[in-house]
Amino acid sequence: MSTDVNNHAHDPAHVHDQAGHGSMRDYVIGFVLSVILTVIPFWLVMGDVLESRVWTVALIMLFGAVQIIVHMVYFLHMNRKSEGGWVLMSLVFTVIVIVIALVGSLWVMHHLNSNMMPVSPEQMRIAP
């Protein structure tokens, strides 16, 4: 029985489950995905692939969000099993706070822009 436990301790697959750290294979997969998720948006912009700037920006943001997830899974080793799920819970809380801050900032800026008084060119000339 003790030799069976010692054999599993040197097995990289079992070390991955116990320690929560990735193997070289995980790091290579994460690196390749990160490179792909960086090259595609670069190609979209430099190649002027899409005619619509709105779609280009939306795709870049989508690829950025996917790349954040890839980094968290493959490099930061965030999953449901790490530390009893508390890492995932803190990640969810952080995402909620960031979404509230971003949406709130965009909402405030939009309303500030739409509620500003119109300024005529004559008033702009005499403004300090």
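Each value in this text was obtained by applying a stated rule to the coordinates, not by laboratory testing. On a predicted model such as this, the values are computed, not experimentally measured, just so you know. Using ideal geometry, Cβ is built from the backbone for each residue, glycine included, and neighbour counts are taken over all protein chains shown.
Our Cα-only numbers for the stretch 84-128 put the radius of gyration and Dmax at 20.0, 65 Å.
Which net charge results when you count Lys and Arg as +1 and Asp and Glu as -1 among the other residues whose beta-carbon is under 15 Å from that of residue 87? Each step should come with its number before you reach the end.
Numbers: positive: 80, 81; negative: 83.
Local net charge: +1.
Could you tell me the calculated FRET efficiency between residue 80 and residue 105, based on Cβ-Cβ distance and R0 = 25 angstrom, to the nearest 0.05? Efficiency at R0 = 25 Å is approximately 0.20.
Which order do the peptides 101-109, 113-121, 88-96 take when ranked by the mean count of other beta-carbon atoms within 10 Å per residue, highest first? Provide the component values of the computation, followed by the final result.
Numbers: 101-109: 10.0, 113-121: 6.9, 88-96: 11.7.
Listed from highest to lowest mean packing, they are 88-96, 101-109, 113-121.
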